[in-house]
Amino acid sequence: MATTAVTHPVLVNGSAGLVNTVRGALFSVMGCTVADGRIAAIDILSDPDRLARADLGDPAR
């Protein structure tokens, strides 16, 4: 999996995040919560049903 996934930096709800694709298809979205200059939490969405409903534009941009 690690060799087929591509990670793209994005803004998730206005904060730093990542979109992961596998063979061009959306696989997961990760959003980071930063507090005092450090990552305090990482939220990962990888549920295919919820990802299908997400409006993410073109993750490969």
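The values are calculated or read from the model by the stated rules, or taken from the named source; none is laboratory data. Computed from a prediction, not measured in an experiment: that's the story for all the values here. Cβ: placed from backbone, ideal geometry, glycine included. Neighbour counts: every protein chain shown. Accessible surface is based on the protein model in full, side chains and every heavy atom, while ligands, DNA and RNA are left aside. Shrake-Rupley method; radii C 1.70, N 1.55, O 1.52, S 1.80 Å.
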Exercise. Enumerate the calculated ³J(HN,Hα) couplings along the stretch 6-12 in order (Karplus 6.51 cos²θ - 1.76 cosθ + 1.60, θ = phi - 60°), each rounded to whole Hz, writing x wherever the residue is Gly or Pro.
Key: 10, 10, 10, x, 8, 9, 10
Quiz item: Using the Karplus equation 6.51 cos²θ - 1.76 cosθ + 1.60 (θ = phi - 60°), what ³J(HN,Hα) coupling, rounded to whole Hz, does each residue of the stretch 45-52 give in order, writing x for Gly and Pro?
Solution: 10, 9, 6, x, 5, 6, 5, 5
Self-check item: Protein accessible area in the chain, 1.4 Å probe - carbon and sulfur %
Solution: 53
Exercise. Would you please classify the overall shape of the chain from the alpha carbon gyration tensor, given that a ≥ b ≥ c denote the square roots of the eigenvalues, rounded means a/c under 1.5, and beyond that prolate means a/b larger than b/c while oblate covers the rest?
Key: prolate
Quiz item: How do 32-38, 13-19 rank on mean C-beta neighbours within 10 Å, highest first?
Solution: 13-19, 32-38
Exercise. Read phi for every residue in the stretch 15-31 and hand back ³J(HN,Hα) as whole Hz from Karplus 6.51 cos²θ - 1.76 cosθ + 1.60, θ = phi - 60°, with x for Gly and Pro.
Key: 10, 4, x, 9, 10, 10, 10, 10, 6, x, 9, 4, 10, 7, 10, 10, x
Self-check item: the chain, dipole about Cα centre (Lys/Arg Cβ +1, Asp/Glu Cβ -1), debye to the nearest 20
Solution: 140
Quiz item: Residues with amide H under 5 Å of Val12's amide H, sequence separation 5 or more or different chain, H placed in the peptide plane at 1.01 Å from N; which?
Solution: Gly17
